[in-house]
Every structure is written in C-alpha cells, then in structure tokens.
Amino acid sequence: MQLALVGLSHKTAPVEVRERLAFNNDALRLALKSLVGRQDVTEAMILSTCNRVEVMAELMTFLLVVEVLWSLAGICPVDVTAYL
C-alpha cells in the first residue's frame, strides 16, 4: 500500500477547473463511499473548499485517486491533469 495525495488549488488551477472538481456535501459523501468502498483502498479523506480540492488515500496505486476524481466530476482527464 502507498499513501497518495492528489490535489489542486488556486495557485495551480484556474477557477473553471476548481469549480468542476468542487464537492458539495452530497457529492463529498458519494466520493468517499466510492473510494473506500473499493477493495484496493484502505482509507481516504477529501478536503474541498472554494480554493482547493485534495484527496488523500492509502491504496495500491496513485492513479486510482485520479481516476475516481475524473469519474465523479465527469471530466476528461486531459482537462485537469496539467493542474494536479
């Protein structure tokens, strides 16, 4: 297992990208359930504010966090990868 921290902030991403990845309360619950419900994730935490989104998780591969972020936000990886 490895510990992964993936995030972006007002220093690394424009507001349009941060808005697409921001989690409201319901989406936050869904995202956490989606992450920790996976067999290869032990623990997870999501910090989502108006200026930043960070996901920390203990898991088998770093790419899993990124894939979950993309799928929950419904965005194309190309649109956000440069800002992570």
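Please work out whether the range 6-50 counts as rounded, prolate or oblate from its C-alpha gyration tensor, where a ≥ b ≥ c are the square roots of the eigenvalues and a/c under 1.5 means rounded, while otherwise a/b larger than b/c means prolate and anything else oblate?
prolate
Which residue, LEU35, LEU63, LEU21, has the most motion in a Gaussian network model of the chain that connects Cα atoms within less than 10 Å?
Result for the chain, Cα springs under 10 Å: LEU63 fluctuates most.
Percent relative contact order of the chain, based on C-alpha pairs within less than 8 angstrom and at least six residues apart?
Numbers: 115 pairs, mean separation 35.4, N = 84.
Reported relative contact order: 42 percent.
Note the full-extension length gain between GLU67 and THR12 as 0.36 nm times their separation in residues minus their Cα-Cα distance, in nm to one decimal.
Stretched fully, the GLU67-THR12 segment lengthens by 17.9 nm.
Only the coordinates and a few stated rules stand behind these numbers; no lab work does. This is a predicted model, so every value here is computed, not measured.
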